[in-house]
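The next block holds one structure in the form of structure tokens; read it before the comments.
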Amino acid sequence: MSTETKRSYSPGLAGVAAGETAICSVDPNSGLLYRGYDIHEMASQASFEEVASLLLKGELPCAQELAEFQKQLAAERELPKPVLELLRLMPKSTHPMDMLRTGVSMLGAFDNELNDNSHAANVRKSIRLIARVSTLVTDGWRIAHGDDPIPDKPDLTHAGNFFYKLTGAVPQTWQTRMLDTIFVLYADHEFNASTFAARVTASTLADIYAAVTSACGTLKGPLHGGANEESMKMLDDIKTPERAEGWLKEQLAKKAKIMGFGHRVYKKGDSRVPVMREIARDLGKRLGKEQWVPICENLEKTMEREKQLCANVDLYAAPVFTMLGFPPELNTPTFAASRVSGWCAHVVEQHDHNRLIRPISLYVGPAERPYKGVSKNGAK
Ligand code: COA
């Protein structure tokens, strides 16, 4: 018999503050700050490595600290050989997000600081994870397509190496800078679902690899990170700007969820969209693929009129990744190669000020009733 009368409840935890963080803040009216720095300033000026260091350590690195951070990332990029063997054992059809999740889980076994949750050890493990999540994606993709992994180029940035290790070609400066900006945009977003999953796992005092494994599993879903893969399928299906409005109305009439639209926190627009839209426009012009932005813009106009819903960053990320030459299955893993920096920063913060995250539920099942099962003396 319940002894309580009323429990407060918010479906999906909407609007519930589930913890404190000094890493990132999201303002529903469009603002996104990384430790107090505006995302627009960061996107136009900062490198991913600078942002990752800021998220992890609390302050922007000076030139010497940044060089040291880059050196540490370069030193940790290579995967242990058995992890490469594991990637080779997976069926060729394995989704890259599943490869990534499994790879992160296995990496934990090769870290001799696995069970040390101290601040210093967590920061060292974070640097390994930021370096190796990227390699798991690029090496995993090559292996699944019958190619051998290639060693990194320590003189290239994180974004430069992502390109290079994936394709085997050194990217042009503008390509690297674009991916770098995308990594900056995707690095953190306070208590999004995958980060929250990481924090829940870390709050049991499980290790950072367990937490990042949880985060990878959570990011995959189409309501979260998986939306950028699904958005590309949608845009491919629409094909031309003229078809966007009719296509969308048809889908809305069927009550379909439209990928790349809506957001739990932003109600007046996702602060990352304008930057991602401009990257898409720039890429379209450079490559002569100018249809994607008008398709997205027509979808935006129609969605605003029909449902008063705004686009989120994944709508424009989809054609951006395609124009950068990535297949849609790599959209979410590419997101992960950046977001791992946020996940790790949140795990460090969670372990530094830990309290178990354990909400309660609102029971809606049958009322208490007498047992009428067939066993009389317990299970035999
Ligand atoms: N397409 C169509 N309708 C949508 C929608 C979308 N993308 N997003 C929200 N809605 C509608 C819902 O159907 C609901 O309508 P109703 O009140 O008539 O039932 C209303 O808007 C509220 O949506 P809800 O799902 O309750 O909002 P949420 O805060 O729980 O969900 C998302 C947020 C992001 C999960 C949701 O907007 C969504 O599924 N978007 C598509 C996936 C996506 O792009 N995810 C990436 C997010 S960055």
> Anyone know which of Ser134, Ser93, Ser47 comes out most mobile in the 10 Å Cα GNM of the chain?
Replying inline: Ser93
>> Name the residue from Val123, Ala253, Gly342 whose Cα lies farthest towards the positive end of the charge dipole of the chain, charges +1 on Cβ of Lys and Arg and -1 on Cβ of Asp and Glu.
In response: Ala253
> For Lys372, which lysines qualify as cross-link partners when the Cα separation must be under 25 Å and same-chain residues fewer than eight apart are set aside?
Replying inline: Lys380
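Counting Lys and Arg as +1 and Asp and Glu as -1, each charge on the Cβ, what is the dipole of segment 178-234 about the Cα centre in debye, to the nearest 20?
Details: 3 positive and 6 negative charges, 34 e Å.
Charge dipole, segment 178-234, about its Cα centre: 160 debye, nearest 20.
Is there a quick way to get the dipole size of segment 61-151? I mean about its Cα centre, with the Cβ of Lys and Arg at +1 and of Asp and Glu at -1; what is the value in debye to the nearest 20?
Numbers: 11 positive and 12 negative charges, 33 e Å.
Rounded to the nearest 20 debye, it is 160 debye.
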>> I need the P(r) histogram for segment 182-223: all alpha carbon pairs, bin width 5 Å from 0 out to the longest distance, whole percents.
In response: 6, 27, 26, 26, 12, 4, 0
> So how far apart, in nm, are the two label points at Gln45 and Gln64 if each is 7 Å from Cα heading toward Cβ?
Replying inline: 2.3 nm
> In what sequence do Ile23, Ile150, Ile182 fall when counting other Cβ within 10 Å, fewest first?
Replying inline: Ile150, Ile23, Ile182
>> For a quick check, take a GNM of the chain with Cα springs below 10 Å and name the residue from Phe69, Phe162, Phe110 with the largest mean-square fluctuation.
In response: Phe110
>> As a test of the formula, what do you get for the chain when each DSSP H run with n ≥ 4 contributes -39,500 (n - 2.57) and the sum is divided by the residue count, at 222 nm and rounded to the nearest 500 deg cm²/dmol?
In response: -18000 deg cm²/dmol
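Take every Cα-Cα pair in the chain and report what % of them are more than 29 Å apart.
Details: 31983 of 72010 pairs.
Of all Cα-Cα distances in the chain, 44 percent exceed 29 Å.
Based on the Cβ-Cβ distance of Arg243 and Asp352, what FRET efficiency does E = 1/(1 + (r/R0)^6) give at R0 = 56 Å, to the nearest 0.05?
0.65
Which of Lys239/Lys301; Lys57/Lys153; Lys165/Lys233; Lys57/Lys125; Lys233/Lys268 have a Cα-Cα distance over 20 Å?
Numbers: Lys239/Lys301 17 Å; Lys57/Lys153 25 Å; Lys165/Lys233 25 Å; Lys57/Lys125 13 Å; Lys233/Lys268 25 Å.
As for pairs spanning more than 20 Å Cα to Cα, those are Lys57/Lys153; Lys165/Lys233; Lys233/Lys268.
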>> Could you tell me the extents of segment 215-256's C-alpha atoms along the three principal axes, largest first, rounded to whole Å?
In response: 38, 21, 9
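Roughly how many debye, to the nearest 20, is the charge dipole of segment 1-137 about its Cα centre, given +1 on each Lys and Arg Cβ, -1 on each Asp and Glu Cβ, and no other charges? Could the numbers behind the result be given before it?
Numbers: 14 positive and 17 negative charges, 118 e Å.
Dipole magnitude for segment 1-137 comes out near 560 debye.
Fewest to most neighbouring Cβ within 10 Å: what's the order for Cys24, Cys62? Show your work: numbers first, answer last.
Numbers: Cys24 23, Cys62 9.
The order, fewest Cβ neighbours first, is Cys62, Cys24.
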>> Give me the base-10 log of I(q)/I(0) for segment 13-130 at each q in 0.12, 0.14, 0.15 Å⁻¹, Debye formula, one uniform scatterer per Cα, rounded to two decimals.
In response: -0.63, -0.83, -0.92
> Using a Förster distance of 22 Å, how high is the FRET efficiency between Lys255 and Glu290, based on the Cβ-Cβ distance and rounded to 0.05?
Replying inline: 0.10
>> Using Cβ contacts closer than 10 Å as the measure, can you line up His158, His263, His119 from fewest to most?
In response: His119, His263, His158
> From the residues Ser47, Leu89, Ala22, which one has its Cα farthest along the dipole of segment 13-142 in the positive direction, the dipole being from +1 and -1 charges on Cβ of Lys/Arg and Asp/Glu about the Cα centre?
Replying inline: Leu89
>> For Leu114, project a label point 7 Å along Cα to C-beta. Then give me every residue of segment 83-99 with its amide nitrogen under 19 Å of that point.
In response: 83-87
> Which residue, Tyr34, Tyr363, Tyr316, has the most motion in a Gaussian network model of the chain that connects Cα atoms within less than 10 Å?
Replying inline: Tyr363
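Laboratory data are not the source of any read-out in this text; all were calculated from the coordinates shown. Just so you know, these numbers come straight off a predicted model, no measurement behind them. Note that we place each Cβ from the backbone using ideal geometry, even for glycine, and neighbour counts take in every protein chain shown.
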